[in-house]
Ligand SMILES: [Fe+2]
Ligand SMILES: [Fe+2]
């Protein structure tokens, strides 16, 4: 080592005097040991330049999806990564939720909204030990663990090996980055160490983007719960209708592609996070009308029917105020809120839209909302039993509700009854 000291000294001096952006001049190595040192210096320099360019690309990025796309492109320049995914840990609900994925072929099966409970995934161990895990052979892993839905979906995407890197904030794992490759035995320690360095650059952004998304969704939900308590003394309406909506959305996703019914996991996740907001406009309806024990007069109905527009405009204002960050901010919440009282035959409000002109999210939520309104007690009515409720929903095909979606909803009867029972529906 002492023999190499002059080489190291000269190299350090050259690096110290190096101007960023200029061609670096490190003394040429002569001996084998010097070549090893030279290569390592070159590698560190390359990596730093690479990280610097990633930092520049991320300067104007706000959305997690954009940050992930940039990370994917950057990683692809240095290694064979065919898929990049990110999932976040929900400690309250004890589950891990996929938030975004990008695949070289464009086909993502394990996409946003895919979730697994802690107890059914080995990722739970990684949360504890906070270490990276490489799966060199997905096919073999699937043979050993045939019940794993995530391995199966990755396999269907053509993935043969992957690496999972925990993302830490304050020594707590708040998410995972998934690197995948269509080749077996691909990832090694060098790939992991390089990705870890890039992750350090991007994790603050990912954390902030996810945090703000979650804050807005939790705030909306809390506010929706408050409004719901004012409207429905029975409570739990929001929980049930969100669950019914998600159930129907998932049933739809399993169907062959159909025009006017295009749905993916990301939209399902948005429905899950934003359906609760459908009635927030009721905050603008006087209590004398909202809580009236009896039928509303036609004048009172006029006021009551303003609630979709009052609520939707809150989201419209928020979106317009924040559109430089995200042009689609709260768009799903706005569509659900504005159009959940439209009717399939065009006789609804506020705009009298009909058929497929009503946004899909609103057609889905309308079925869930109507089903729960009929099957629960309200100030103006008693709860109908489930058989009667299912019959009323069936009869609302073509007139009030989307007939195709109603059929899918009715096919889910067993799951609906389950949700109804766990969220207190049976007590009403
Ligand atoms: Fe409503
Ligand atoms: Fe409702």
0 to 90° range, to nearest 10: angle between helix 386-395 axis and the chain longest Cα axis: 90
Separation between Cα centres of segment 403-425 and segment 15-68, rounded to whole Å: 57
Label model pair residue 25, residue 302: point-to-point distance (7 angstrom along the Cα→beta-carbon line) in nm is 8.6
At what distance in angstrom do the alpha carbon centres of segment 172-210 and segment 80-145 lie from each other? 12
Rounded to the nearest 10 degrees, the helix 237-253 long axis (Cα) sits at an angle to the longest Cα principal axis of the chain of 70
Taking the Cα of residue 407, stepping 7 Å toward and past its beta carbon, and measuring to each backbone N in segment 244-266: which are under 19 Å? 248-263
Over segment 196-301, what relative contact order in percent results from Cα pairs under 8 Å that are six or more residues apart? 34
Using a Förster distance of 60 Å, the FRET efficiency for residue 10-residue 120 (Cβ separation, nearest 0.05): 0.55
Euclidean distance of C-alpha centroids, segment 306-385 and segment 229-301, integer Å: 7
Take the Cβ-Cβ distance between residue 172 and residue 309 as r, set R0 to 45 Å, and report the resulting FRET efficiency rounded to the nearest 0.05. 0.60
Give me the angle, in degrees from 0 to 90, between the Cα long axis of helix 5-17 and the longest principal axis of the Cα atoms of the chain, rounded to the nearest 10. 50
In nm, what is the difference between 0.36 nm times the number of residues separating residue 80 and residue 392 and their Cα-Cα distance? 106.8 nm
Sites residue 200 and residue 37 - FRET efficiency at Förster radius 30 Å, r taken between beta-carbons, to 0.05: 0.75
For segment 64-209: rounded, prolate or oblate by the Cα gyration tensor [a/c cutoff 1.5]: rounded
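Bear in mind that the values in this text are calculations on the coordinates, not laboratory data. What you see is a predicted model, and the numbers here were worked out from it, not measured in a lab. Glycine gets a Cβ as well: all are built from the backbone with ideal geometry, and neighbour counts include every protein chain shown.
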